[in-house]
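*Asks:* Before I ask anything, here is the structure I am working with.
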Amino acid sequence: MRTRNGARLAGEHMVNDSRLRVVVVGGGTAGWMTAAALTKLLPSRCHVHLVESEAIGIVGVGEATLPHIRGFNEKLGIDEADFMASTRATFKLGIEFRDWARVGDSYIHPFGTFGTGQGELDFHHYWNRARQEGQPVAPIDDFSMAVTMAYLNRFAIPNPDPSTIESTFNYAYQFDATLFAPYLRRLAEQMGAVRTEGRIVDVELDNETGNVAAVRLESGERIEGDLFVDCSGFVSLIMGNALGEPFEEWTKWLPCDRAVAVPCQTRTALSPYTSAIAMPAGWRWRIPLQHRTGNGYVYSSAFTTDEDARAALVGVVEGEPIAEPRVLKFKAGRRSRSWVRNCIAVGLSSGFLEPLESTSIYLIQAAITGLVELFPEREISPVDRDEFNRLIDAEYDWIRDFLILHYHATERSDTPFWDYVRTMSVPDSLEEKMELFRRRGRIVKHREGLFLDASWVAVYIGQRVLPEGHDPRADLPPLPALMQNIEDLHAQIRSSAERMPDHRSHIERYCPMMDAA
Amino acid sequence: MTLDRSISKVVVAGGGLAGWSTAAALKRRIPMLAIEIVSSPPPADSIVDRVISTLPSIMDFHADIGLTEADTIVRAQSGLRAGTLLDGWAAGRPAYVHAYGNYGHAIDGTPFHQQWLRARKAGEVEPFDRFSPAAELGRAARVAGTDSAVAPEIGYGLHLTLERYLQLMRAYALHLGVTERPAEISGVELRGEVGFVDKLLLSDGQAIRADLFVDCTGPSAKIRSQLGGEFIGWHRWLPCDRLLFATSAPEGDAQLLDRVSATAWGWQWRASSPASGSIGASYSSAHAGRGEVIATLPPSLEFAEIPLRQGRWAQPWIGNCVPIGDAAVAIEPLEWTNLHLVHSHVDRLVSMMCGSDFAPVELFEYNRQSGAEADRIRDFACLHYIAARRPEPFWKEASSIEPPESLVHSVSLFAERGRLPYYEEETFTRDSWLAVLLGQGLEPRRTDPLADIVPMGEATQSIAKYRDAVKTFVDSQPGYQQSFSSLGQHA
């Protein structure tokens, strides 16, 4: 690495106020989300200068999102209908998993609770008791408002009154990620973010402090900054390459390391959910947007070849492919730290977890929230930096266990891949969580952050990790009364969902895409 | 594979407040359990049986087990408490109130304390606790009779009249179907397998067996201590090792706020409700003799002294024995957490009730949560010491120790920019932490940049407006005595 010797080029971005010069490296989803958030939320603390090269494509992670993105958009003052129309977005009520525990199985991990969430115990305890007593009881899916709506292709905005059954679900979006970054770019540039086009060829470190001093572009231009946000994607230009922060690899638990993606025409009704369908050496996603359906096969190169994966995917997509299949390579894991010296890695440069639970954009958002809340002064405090790294680690670790659960909790041994994940050893933290659920349906407590109790319940039960017992308090209601309540709830959810508008017609009224390209 | 059989018989050991509260709650919430209580009188070193001040969580406990305010306040002759007035903790600073409820209100989505800190840097602003409606009500001896947007979250704890409250809890437990065995525990026999209690030997010559033994015998943990394992001592962080207690007759007007004053060798308290009063001290025997401490307390009272070894079991629940309250966590009553811990432990036991295998994975999760909870309560108590500024040797030592790691984390984040971390199993709210941090004069190096979104003039205006609203609200509420007697009439 070069050091800051010789002639100091006066960057066009030099300023003489006290605001920090933030250089965002990379203009994909992570880069523009960061630029938009910083310009909007900390206008008095920073200038944002984003460097991107149009020659480098964006990965466009996360066509499917989690409900948290609504909070992000709200903070940025984004109008939902405008955003959805611009990104050709659809609504998302959860993720459907097909063929995971056994071929032929399917369940939805919903955004929302099972039952009303109002009783002394969570609904699944009562459901469990009924099942264990041999009562005819519908699958747990049928007691989720979100799942019921999803299977009926219905959508409505949740009711804010918590006493109603229509308040028990939440939603996110499925959108064209290649349109989200440009959408945020307009916003960020309006608020004062500066953009420079160019390929970065060098990262200069200060030889005294070891901090990043500047990035140099192919054109010779040199951009100095006080703080560098690495949004360069898998290449991890600053965090990985220049600063050499080690990468902790989780391939032994999450063996998928490739994906082949191809969009196609939509042939079916517009589903308000994403699908994750098990494949011989991994799984494939199906994400319905307004104008097309995104597809991709996430696989392990140890268990299949690129050619076979591509053929397998093209063979099963529902409509005419509308682009050439594209292969991505990755490794599951994360950098040991995401904030090192004066560089913060946001997005793929900080780590990668496969898109099975649509966490990519969530992780970007978590890093941005951490950066905004812990935004430094010129002199970076180790307290802020350590806290940021602690928060990001906790997010990664929690999601990691949740993802591994999907693979490990399977009965499949029909392909070498599924046999491997079924029999592999998993982190102790996950082993304990599964065992606790298996006994009496209890969930390890986690009150803040991602994937709360209902998410774990959905995946455990969906993947046939069924409790052998139940909480003793579930025995309190007399059985006939309990069964009556369960049936009433089922009917209530069903009739409420049936009264809701069709997903496509809701979108056509609310946020139709602007040009039918 | 089939699951282990359910637990059917539970013995609760100890006939003090912890024991009777535990027995009543278990029976009420899991009625299929057969609950027998060995109701030996509370041991001399029981803390929970001597502390009259409780946290607002007691109200939830009562609601969960089906007790009404007519029972718990009127019939049991309890008083209300809004918080604690802490004085003398930081030399040269005014006394401050830690009350239960909001301190200020968010200003344009930013935390109140950040705006308050900004306003302070810019000029004069009233002390932080003046923006707590609960603290102001407490100071004015008024009780919120109406809901208000100014004070959305006020919580009241109770001042117990101990013997009345114990009678109530006993009568209620018996009414629910708890069976009483009035005897002393004379011995504990273990099973062959490690970590299991076989039976308790009783003073009446009988022995008593159960699936699960719940140890409510106070800090000595008569049963749990037989099973071994590590007890984590907190002496280096919480240096007081003696408690003095006296019950005083009600004197003067009842107070909504307890007074907790730092002294040369620890601290002392005074609490007074319409029906009873409590005076006592917590001190370090290495820094003062009993006589010296007693000399600072009212001469007419009889003080009981108990030794205190603060700390907790590393793994409270082992095999078929789970300790509750003081038997699991021994801590001085600085923030009145003793009975709160009884309630919290019982609630967790109900939520995590296992089967007759006592599967390690189920106990592990119970112990993980309980340990995390106890450690954060320890941190909150320890905060009072490390944030203290007094000249005496006791305080010099206490404020110079290296705090537990999790407390260092909280305090250093706060010191940097007024941020507080989130912990699972936290007992005290962010506003409680802020009340003590800011009350004792700890201030962050800088404020949160996000707070700058609100223009300074707007912030000071909003702060002043809120202060006025608190005043108006407090002035319009009825006096404590007056509202208390009307409560008596309604019940």
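The values are calculated or read from the model by the stated rules, or taken from the named source; none is laboratory data. As the structure is a prediction and not an experimental result, all values here were calculated from the model. With ideal geometry, Cβ positions are generated from the backbone for all residues, glycine too; neighbour counts draw on all protein chains shown. Only protein heavy atoms, including side chains, enter the accessible area calculation; ligands, DNA and RNA are left aside. Shrake-Rupley method; radii C 1.70, N 1.55, O 1.52, S 1.80 Å.
*Asks:* Under a point spin-label approximation (7 Å from Cα along Cα-to-Cβ), what is the B:THR179-B:ALA122 distance to one decimal in nm?
*Replies:* Once both label points are built, they end up 7.0 nm from each other.
*Asks:* Where the accessible area of segment B:1-62 is counted over protein heavy atoms with a 1.4 Å probe, how much of it, in %, is carbon and sulfur?
*Replies:* 54 percent
*Asks:* Given an 8 Å cut-off on Cα distances and at least 6 residues of separation, report the relative contact order of chain A as a percent.
*Replies:* Relative contact order here is 22 percent.
*Asks:* With every protein chain left in place and a probe of 1.4 Å, what is the accessible surface of A:SER301, to the nearest 10 Å²?
*Replies:* 50 Å²
*Asks:* To the nearest 0.05, how large is the calculated FRET efficiency for A:THR209 and A:VAL316 if R₀ is 45 Å and r is the Cβ-Cβ distance?
*Replies:* 0.25
*Asks:* Using a 7 Å offset from the Cα along the Cα-to-Cβ direction at both B:GLN481 and A:LEU152, what is the distance between the two label points in nm, to one decimal?
*Replies:* Using points 7 Å along Cα→Cβ, the separation is 6.3 nm.
*Asks:* Further question: Report relative contact order for segment B:282-353 in percent, whole number only (criteria: Cα-Cα under 8 Å, sequence separation at least 6). Don't skip to the end; give the middle numbers.
*Replies:* Numbers: 39 pairs, mean separation 17.1, N = 72.
Computed value for segment B:282-353: 24 percent relative contact order.
*Asks:* Suppose R0 equals 22 Å; then what is the FRET efficiency for B:ALA249 and B:ALA304 from their Cβ-Cβ distance, rounded to the nearest 0.05?
*Replies:* For R0 = 22 Å, the calculated efficiency reads 0.85.
*Asks:* Next question. Enumerate the residues in segment A:488-510 having an amide nitrogen under 18 Å from the point lying 7 Å beyond the Cα of A:ASN159 toward its Cβ.
*Replies:* Taking a point 7 Å out along Cα→Cβ of A:ASN159, the residues of segment A:488-510 whose backbone N falls under 18 Å are A:488-502.
*Asks:* Roughly to the nearest percent, how much of the accessible area of segment B:63-121 is carbon and sulfur, given a 1.4 Å probe?
*Replies:* 51 percent
*Asks:* With unit charges on the beta carbon (Lys/Arg positive, Asp/Glu negative), name the residue among A:TRP283, A:SER381, A:ALA311 whose Cα is farthest towards the positive pole of the charge dipole of chain A.
*Replies:* Selected residue: A:ALA311.
*Asks:* Kirkwood Rh over Cα pairs of segment B:212-347 into Stokes-Einstein at 37 °C, 0.692 mPa s: D in µm²/s?
*Replies:* After rounding, the answer is 203 µm²/s.
*Asks:* Another question, if that's okay. Taking a threshold of 21 Å on the Cα-Cα distance, which of the pairs B:LYS9/B:LYS199; A:LYS433/B:LYS27; A:LYS433/B:LYS9; A:LYS252/A:LYS329; A:LYS252/A:LYS331 fall above it?
*Replies:* Table pairs above 21 Å Cα-Cα are A:LYS433/B:LYS27; A:LYS433/B:LYS9.
*Asks:* Something else: How high is the relative contact order of chain B, in percent, with contacts defined as C-alpha pairs under 8 Å that are six or more residues apart?
*Replies:* RCO, chain B: 23 percent.
*Asks:* Can you pull out the trypsin sites (Lys or Arg not before Pro) in segment A:183-267 whose DSSP state is coil and whose Cβ has at most 10 other Cβ atoms within 10 Å? Don't jump to the answer; show the numbers that get you there.
*Replies:* Numbers: sites: A:ARG185, A:ARG186, A:ARG195, A:ARG199, A:ARG216, A:ARG222, A:LYS252, A:ARG258, A:ARG267; in loops: A:ARG199, A:LYS252, A:ARG267.
Sparse-neighbourhood loop trypsin sites (Lys or Arg not before Pro): A:ARG267.
*Asks:* Starting from the Cα gyration tensor of segment A:419-511, take the square roots of the eigenvalues, sort them a ≥ b ≥ c, and report rounded, prolate or oblate (rounded when a/c is under 1.5, otherwise prolate if a/b is larger than b/c, else oblate).
*Replies:* Values: a/c = 2.45, a/b = 1.30, b/c = 1.88.
The shape class here is oblate.
*Asks:* For segment B:349-390, state which residues have at least 30 Å² less accessible area in the presence of all protein chains than in their chain by itself, taking the probe as 1.4 Å and leaving out ligands, DNA and RNA.
*Replies:* B:SER351, B:MET353, B:VAL361, B:GLU362, B:PHE364, B:GLU365
*Asks:* Using DSSP to call loops (not H, G, I, E or B), can you name the GluC sites (Glu not before Pro) in segment A:334-391 whose Cβ has at most 12 other Cβ atoms within 10 angstrom?
*Replies:* Filter output for segment A:334-391: A:GLU379.
*Asks:* Turning to a different aspect of this structure: Taking one equal scatterer on every alpha-carbon of segment B:304-361, how large is log10 of I(q)/I(0) by Debye at q = 0.20, 0.28 1/Å?
*Replies:* Summing over Cα pairs of segment B:304-361 leads to -0.80, -1.24.
*Asks:* Now for a separate question. With only alpha-carbon atoms in the gyration tensor, what are the semi-axes of the equivalent ellipsoid for chain B, in Å, largest first? Please report the intermediate quantities before stating the final value.
*Replies:* Values: eigenvalues 300, 124, 110 Å².
Taking √(5λ) for each eigenvalue gives 39, 25, 23 Å, largest first.
*Asks:* Please arrange B:LEU437, A:LEU328 by accessible surface area, largest first, computed with a 1.4 Å probe and ligands excluded.
*Replies:* A:LEU328, B:LEU437
*Asks:* Okay, moving on. If you place +1 on the Cβ of every Lys and Arg and -1 on the Cβ of every Asp and Glu, how big does the dipole about the Cα centre of segment A:319-417 come out, in debye to the nearest 20?
*Replies:* On the way: 12 positive and 16 negative charges, 90 e Å.
Once rounded to the nearest 20, the dipole reads 440 debye.
*Asks:* Still on this structure, I have one more. Tell me, what is the per residue accessible area of chain A in Å², probe radius 1.4 Å?
*Replies:* 38 Å²
*Asks:* Semi-axes, largest first, in whole Å: what does sqrt of 5 times each Cα gyration tensor eigenvalue give for the protein assembly as shown? Numbers along the way, then the final one.
*Replies:* Values: eigenvalues 528, 281, 143 Å².
Value: 51, 37, 27 Å, ordered largest first.
*Asks:* With +1 on the Cβ of every Lys and Arg and -1 on the Cβ of every Asp and Glu, and nothing else charged, how large is the dipole of chain B about its Cα centre, in debye rounded to the nearest 20?
*Replies:* Here the size comes out at about 480 debye.
*Asks:* Over all directions, average the projected area of the Cα convex hull of segment B:368-491 and note it in nm². Could the numbers behind the result be given before it?
*Replies:* Values: hull surface 50.0 nm².
Result: a mean projected hull area of 12.5 nm².
*Asks:* For B:PRO333, what is the net charge nearby, where nearby means another residue's Cβ is under 11 Å from its Cβ and Lys, Arg count +1, Asp, Glu -1? Show your work: numbers first, answer last.
*Replies:* Numbers: positive: B:ARG50; negative: B:ASP258, B:ASP326, B:GLU332, B:GLU335.
Residues close to B:PRO333 contribute a combined charge of -3.
*Asks:* Also: Excluding A:MET239 itself, what net charge comes from residues whose Cβ is under 14 Å from its Cβ, given Lys and Arg +1 and Asp and Glu -1?
*Replies:* That works out to +2.
*Asks:* Within 10 Å of each Cβ of A:366-377, how many other protein chain Cβ atoms are there on average? It would help to have the intermediate numbers written out before the result.
*Replies:* Values: counts 0, 0, 0, 0, 0, 0, 3, 5, 6, 4, 3, 5.
Averaged over the peptide's residues, the number is 2.
*Asks:* In whole percent, and with a 1.4 Å probe on the protein chains, what portion of the accessible area of segment A:198-289 is carbon and sulfur?
*Replies:* 48 percent
*Asks:* Which of the trypsin sites (Lys or Arg not before Pro) across segment A:450-503 are loop residues per DSSP, with 16 or fewer other Cβ within 10 Å?
*Replies:* A:ARG464, A:ARG499
*Asks:* Still on this structure, please answer the following. Mind grabbing the base-10 log of I(q)/I(0) for segment A:91-152 at q = 0.12, 0.20, 0.24 Å⁻¹? Debye formula, identical points on the C-alpha positions, no solvent, two decimal places.
*Replies:* -0.33, -0.86, -1.08
*Asks:* For A:ARG494 and B:SER261, what is the calculated FRET efficiency with R₀ set at 60 Å and r taken between the beta-carbons, to the nearest 0.05? Mind dumping the intermediate values first?
*Replies:* On the way: r = 63 Å, r/R0 = 1.05.
In this case the efficiency is close to 0.45.
*Asks:* Now for a different question. Under the rule a/c < 1.5 gives rounded, and otherwise a/b versus b/c splits prolate from oblate, where does segment A:228-367 land using the Cα gyration tensor? Intermediate values should be presented prior to the final figure.
*Replies:* Numbers: a/c = 2.44, a/b = 1.76, b/c = 1.39.
Prolate, since a/c reaches 1.5 and a/b exceeds b/c.
*Asks:* Now for a separate question. Calculate, axis by axis, the spread of Cα positions in segment A:126-273 along the three principal axes, and write the results as whole Å, longest axis first.
*Replies:* Cα spread of segment A:126-273 along its principal axes, largest to smallest: 72, 41, 36 Å.
*Asks:* B:ASP198 versus A:ASP386, label points 7 Å from Cα toward the beta carbon: distance in nm?
*Replies:* Each label point is offset 7 Å from its Cα along the Cβ direction, giving 5.1 nm.
*Asks:* Right, another one. Counting protein heavy atoms only and a 1.4 angstrom probe, how many square angstrom of accessible surface do chains B and A bury in total, to the nearest 100?
*Replies:* Counting protein atoms only, the buried area is about 3300 Å².
*Asks:* Taking accessible area as the heavy-atom solvent-accessible surface of the protein chains with a 1.4 Å probe, which residues of segment B:416-432 lose no less than 20 Å² upon going from the isolated chain to the full protein assembly?
*Replies:* Buried by the other chains: B:GLU416, B:ARG417, B:ARG419, B:TYR422, B:GLU424, B:GLU425.
*Asks:* Might you report the magnitude of the Cβ-based charge dipole of segment B:320-461 about its Cα centre, with Lys and Arg at +1 and Asp and Glu at -1, to the nearest 20 debye?
*Replies:* Rounded to the nearest 20 debye, it is 440 debye.
*Asks:* Then there is this: How about A:LYS40: which lysines have a C-alpha closer than 22 Å to its C-alpha, ignoring those fewer than 8 places off in the same chain?
*Replies:* Excluding near neighbours in sequence, the set is A:LYS75.
*Asks:* List the residues of segment A:451-484 for which accessible area in the full set of protein chains is at least 50 Å² lower than for the chain on its own; 1.4 Å probe, protein heavy atoms only.
*Replies:* With the partner chains in place, segment A:451-484 has these residues losing at least 50 Å²: A:GLU468, A:PRO472, A:ARG473, A:LEU476.
*Asks:* Now for a separate question. Work through the residues other than A:ILE95 whose Cβ is under 15 Å from its Cβ and net out their charges, Lys, Arg +1 and Asp, Glu -1.
*Replies:* On the way: positive: A:LYS92, A:ARG98, A:ARG284, A:ARG286; negative: A:GLU63, A:GLU96, A:ASP99, A:ASP105, A:ASP141, A:GLU354, A:GLU357.
Summing Lys and Arg as +1 and Asp and Glu as -1 gives -3.
*Asks:* Under the classification rounded if a/c is under 1.5, otherwise prolate if a/b is larger than b/c and oblate if not, where does segment A:358-517 fall, given a ≥ b ≥ c as square roots of the Cα gyration tensor eigenvalues? Don't skip to the answer; put the middle values down first.
*Replies:* On the way: a/c = 1.69, a/b = 1.20, b/c = 1.40.
It is oblate, given that a/c is not under 1.5 and a/b is not larger than b/c.
*Asks:* Once the Cα gyration tensor of segment B:307-398 is diagonalised, what are the square roots of 5 times its eigenvalues, in whole Å and ordered largest first, as equivalent ellipsoid semi-axes?
*Replies:* Value: 31, 11, 11 Å, ordered largest first.
*Asks:* Toward the positive end of the charge dipole of segment A:164-294, about the Cα centre and with charges on Cβ (Lys, Arg +1; Asp, Glu -1), which of A:ASN207, A:PRO246, A:PRO272 goes farthest?
*Replies:* The Cα lying farthest towards the positive end belongs to A:PRO272.
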